Amino acid sequence: FYDSMIAKLIVHRGSREEALKDLGTATIKSRVAGPRTNQTFLARLLADRHVVNGEMDTGMIGREIERYAAPPDANWPLSEGFPSWLVITADAESTPSSHQLTPRTSWSNADAFQLGATRHQSVSVQVDDAEKTVDIVWKGKFPEIISSDEAISDDLGYDLFFHPQETGKLFVLFNGTQTILSKPRYDASDLDAGTATGAIRAPINGRVAKVFVVLGAKVVKGDKIAVVEAMKMEHIIAAAIDGTIDKLGAAEGAQVTQGTMIAHIEG
């Protein structure tokens with residue numbers, strides 16, 4: 001509660017140049033899952049030419065803070081962590097410690113098996129504090145992300161750590177940066193509690209049968225936004241607030257899981 005230091009790294013080498021280089025490597029390769037760290041910031045600072053040349057001054061960090069603290073590429077946690085997160089969280093019998101699926105029958109497989117065409121699906125996932133909808137296709141027992149973005153190579157040395165107590169939480173570590181993948185924060189009771197937001201989410205696993213709105217459409221509380229079809233029943237989803245549709249997360253015909261954001265209203 002009073003000291004944020006969790007570890008101290010000390011490197012001893014034959015020269016300052018060697019020590020700086022190895023200290024930067026040790027900083028970036030230290031694996032800390034859970035607490036937020038400033039590893040990336042420290043590694044960038046140690047590699048800065050002013051530090052390497054011994055030309056630091058007290059105003060340097062303030063002048064270069066945007067470069068030192070620039071956020072990492074947002075695509076790599078999804079590219080590398082999402083397929084594993086989805087497979088593990090899709091199987092109720094799996095455990096965070098085993099990292100393995102143990103289906104007893106074909107019905108407990110997490111591969112979205114179906115007769116007919118390849119299964120396409122839209123899945124919502126919480127990436128740190130932001131919710132993202134990811135389009136995937138199941139090939140065998142493992143999903144692949146459908147994206148125009150180039151996937152990151154598998155040899156970049158990322159690490160995956162599942163939270164031992166909280167099922168469905170995955171820490172993706174790469175180059176000193178941690179990204180947390182988890183289930184979307186969804187509570188159907190929000191509507192009754194009067195804390196409704198602009199997020200329009202699927203109330204159940206199913207198929208989006210109809211979307212009544214387009215981007216930029218003006219809606220008022222109670223307007224029909226979409227219909228999700230499941231168990232031979234149609235679930236009509238209505239707007240909880242007045243506003244403008246600023247996001248559409250799932251198209252008609254898409255398979256969605258409970259909590260997937262179908263649309264968002266900017267109030």
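Brief remarks on what is shown
- Hits in region 1-25 - residues which are in a helix (DSSP H, G or I) and open to solvent by 70 Å² or more (accessible area, probe 1.4 Å): R16, E17, E18, K21
- Subset of region 232-265 that is of a type in the set (D, E) and farther than 12 Å from K221 by Cα - its residue that is surrounded by the most Cβ atoms within 10 Å (Cβ to Cβ): D246
- Which numbered condition P184 misses (of (1) assigned to a loop (DSSP other than H, G, I, E, B); (2) modelled with pLDDT of 75 or more; (3) open to solvent by 50 Å² or more (accessible area, probe 1.4 Å)): (3)
- For region 193-202, the criterion of being among the β-branched types (V, I, T) and modelled with pLDDT of 85 or more is met by at least one residue.
- Subset tally (residues that are open to solvent by 60 Å² or more (accessible area, probe 1.4 Å) and touching a Phe, Trp or Tyr at 6+ places or on another chain (Cβ under 6 Å)) for region 26-68: 1
- Matching entry among A250, A238 (being modelled with pLDDT under 90 and closer than 23 Å to D135 by Cα): A250
- Some residue of region 79-86 being open to solvent by less than 70 Å² (accessible area, probe 1.4 Å), farther than 30 Å from L181 by Cβ, in a helix (DSSP H, G or I) and not polar (S, T, N, Q): no
- Of all the numbered requirements in (1) at pLDDT below 75; (2) surrounded by 11 or more Cβ atoms within 10 Å (Cβ to Cβ), K132 misses one, and that requirement is (1).
The values are calculated or read from the model by the stated rules, or taken from the named source; none is laboratory data. Fair warning: this is a prediction, and the values are worked out from it, not measured in the lab. Cβ: placed from backbone, ideal geometry, glycine included. Neighbour counts: every protein chain shown. Quick note on the areas: whole protein, heavy atoms, side chains included, nothing else; ligands and nucleic acids left out. Shrake-Rupley method; radii C 1.70, N 1.55, O 1.52, S 1.80 Å.
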